[in-house]
1. So, in segment 182-193, of the ones that are within 20 Å of residue 254 (Cβ to Cβ) and part of a loop (DSSP other than H, G, I, E, B), which residue ends up most open to solvent (accessible area, probe 1.4 Å)?
2. Scan the strands (runs of 3 or more DSSP E) fully inside segment 232-328 and keep the ones with 3 or more residues being closer than 30 Å to residue 222 by Cα and either over 41 Å from the mean Cα position of the chain (by Cα) or among the basic types (Lys, Arg) (or both).
3. Please count how many residues of segment 461-486 are in contact with a strand residue (DSSP E or B) (Cβ under 8 Å, 6 or more places away or on another chain) and part of a loop (DSSP other than H, G, I, E, B).
4. Scanning for something closer than 30 Å to residue 45 by Cα, open to solvent by 50 Å² or more (accessible area, probe 1.4 Å) and either touching a Lys or Arg at 6+ places or on another chain (Cβ under 7 Å) or acidic (Asp, Glu) (or both), does segment 228-244 turn up at least one residue?
5. Out of the residues in segment 344-370 that are closer than 15 Å to residue 294 by Cα and free of Cβ contacts under 8 Å to residues at least 40 places away in the same chain, which is least open to solvent (accessible area, probe 1.4 Å)?
6. Looking only at segment 487-517, count every residue that is open to solvent by 40 Å² or more (accessible area, probe 1.4 Å), in a loop (DSSP other than H, G, I, E, B) and modelled with pLDDT under 85 and tell me the total.
7. Applying the selection to segment 309-338, what residues are of a type in the set (Phe, Trp, Tyr) and either modelled with pLDDT of 80 or more or more than 19 Å from residue 368 (Cα to Cα) (or both)?
8. Please enumerate the residues belonging to segment 194-213 that are in a helix (DSSP H, G or I) and open to solvent by 40 Å² or more (accessible area, probe 1.4 Å).
Amino acid sequence: MDNNELKDDLIDSNIESFYPFFIILDTNFNIINCGSRLIEIIPSIEINQSIYNYFDCKQFQELDINNLNNIDKDQFFVIESKSNRIRLSGQMKLIEDEILFSCSPLLVNTIQSLKIHHRNLKTKEIAHELTKNNLKTNRIKREYEKLNRLSRAFQTTKSALVFTNKRGEIIWCNNAYLKMTGYSIRQVLRKTPFQIAFHQETNHEDLNIMTNSFNQSSSFNIELLHAKSDGSCFWTRIKGQPIFDTDGEMTQYMALIEDISEVKRFNTKIIESESRLQSLIENLETGILLEDENRKVLLVNKKFCEIFGFEYDPNSYIGLDCETLLDHTFKPFNDKELFLSQTCHIVKNKAQILRQEATVFENQVLSFNFIPVFKKGIESGFLWTFDDITLKNRYEINLKVEKDKYSDIIANINLGLLEVDNDGIITLANDSFTKISGYSFDELIGKKASNLLLSEENKAILASKENLRTRRISDSYEAEIINKNGEKRNWIISGATNYDSNGIIKGSIGIHFDITDKKMLESQHGLFLKKLEKQNEQLKEYAKIVSHDLKSPLRSIHSLVTWIKEDNDEKLNDQSLIYLSMIESKIEKMDNFIEGILTYSKIDEKEIACEEIDLNEKIQIYIQIIDIPKNVTIKVCNQLPTIIADKYRVQQLFQNLLTNAVNYIDKPTGLVEISYVEQEHDHLISIKDNGIGIAKANQERIFKIFEKFTKSDKSTGIGLSIVNKVIENYKGKIWLESVENEGTTFYFLIPKSQWKIPTSIISKN
């Protein structure tokens, strides 16, 4: 027992009832406790200070612990307070490791009459008084030893103990109470528990219960928010009990105090957790039914009521028998009796059931779980969970149908499908891949694709593509593959990153197409194009040579005919002149034919030199170039556009269409009309004549080269072919409407993207 424990043990009304004035000293004569009455008359005394700081020794020399036992047991000591000169007289006893000085205050004149030793006392009254004090001291010693043992027992408990006198003042408390509250013994002595416990957040009703119980000498048991010395507070559970004497009168009051702050915090967390759990259960998208061991409803949530069609609040079904619970649903069961018998069978077996399915309402499918609940190894109820999986089942069925459909497509498409993992190991291949590679399915699965299909020089290409897949980049590329037969084949491969259901890269997937035959055809096609280009060049060169070689003798023949006519004008008869005129006409036709061939061959090779062309001005120039009979009129019906195009090709287009119109007019009064209609994306121009017309059967052939359907000497069969070629070069379209003996209208459409309108014209509009 330390000094503080001894100090606490002595503060008890039983000691003070025998003798209210005492001092407890340690072996160094430091004060470790003193009586409450002594503190009242000498308030300057402080604990853990030397007795010599407060008292002068008047009738005993300074002692040490070694000779204390040698003093006469009946010897009295007198000490005087330095602060107020009060003298104390009493005996000093060594009990275990502590010194008890039991004393009483003396008047000054009485003290002066005392002798140092009681054997020298002459006054019988004083001797009698000392004898009485001696007897009382012996009683105090016995009581002290008894209470000391009891106090030791109280100090071992972790609960705080407080004793008050019948006035409600604290006269004793154990260390647990001081530690719990943070107060010292001096701060609590002579204070009421009400004063010590009060905190601004303490419930006044609880304090009143404690006070009223004390006043009525009755017990109480309350939870109270108790103050601490630092101004904070903590939760306590206080049990109060009155102590009565033999006459039934309350002499003391005892309180047992427990710190329940942690319990309160724990309970608060439990309440909060239960609240969260309750809210979670109530709002789960899974139906919950909890029943006790007697199949009485303990809990149902909103989703359960929604699934089974209960109309009222979930709490209204608590306590119902589970077998009659379904009588409250408004949904029509497919077979309620069967469902009930199945659930009863499950409960009877008490075996856990997971993901069982049942169709209960029309086509509504439920998935349910059954879990027996045990508490300390004893069955205490059953937990049911229900999920409506109707839509999920339909989705899975539809998904399976779609999966089967696309699996069939993948298996049968003429494209090789191959899946590999992150290490390039083949995990899947379709039938088309086995066909183009020559390997069977079993020969492919588990093999490294690059080792199986690529030559050493092509493995580097695949490695770079695998790097792209790790960066989630897809692309297409051409690679040379070696099939099972050792043949080199050219494949187009479209590769992409492959992911699992969590979006994590699990490898790559590739679509493979064998283009070996196509590349051979392309190679042959390239050779053919080169050959054709060469032939075209030769043909163009031939056309130039032929036209030059033909024109030169034609011009010579024409000159010779002219000279013959001039030299023999008077000698030739009329028939000879007619023959010579016919020769000239044929020469002119031959010349036009050769010129037409040259023009046709140059249309494609002519470099496009686009410039701004005002068709209203140019059309007049084109009219002047051609030979127009006097009976034919060319009329521009409305404003023509200004365009940006190649002037040579535009001239060929209009010149040949106008020449064609003029040449085939057989009416006394000929008329050619030029019209323009601007469309949103195109230029639409028409040239209409009132000539002989074109038969329906010949309208589709009219634009082919050398095709002509009249006996006119002016027709070469090349003009409209040139027109068609010009319009094709401008990505346009030409067609005609014609009635025999009434006339023909040619329409041609040129996209505005080809014949652009100058910006200056657009801004003006």
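The values are calculated or read from the model by the stated rules, or taken from the named source; none is laboratory data. Just so it is clear, the model here is predicted, and its values are computed rather than measured. No Cβ is skipped: glycine too gets one built from the backbone with ideal geometry, and neighbour counts run over all protein chains shown. To get the accessible areas, we keep the full protein, side chains included, count just its heavy atoms, and leave off ligands, DNA and RNA. Shrake-Rupley method; radii C 1.70, N 1.55, O 1.52, S 1.80 Å.
1. Only one residue tops the list, namely 191.
2. 233-244, 250-259
3. Qualifying residue count, segment 461-486: 4.
4. yes
5. So, considering only residues that are closer than 15 Å to residue 294 by Cα and free of Cβ contacts under 8 Å to residues at least 40 places away in the same chain, the one least open to solvent (accessible area, probe 1.4 Å) is 346.
6. 3
7. 310, 312, 317, 330
8. Scanning segment 194-213 gives 194, 195, 204, 205, 208, 209, 211, 212.
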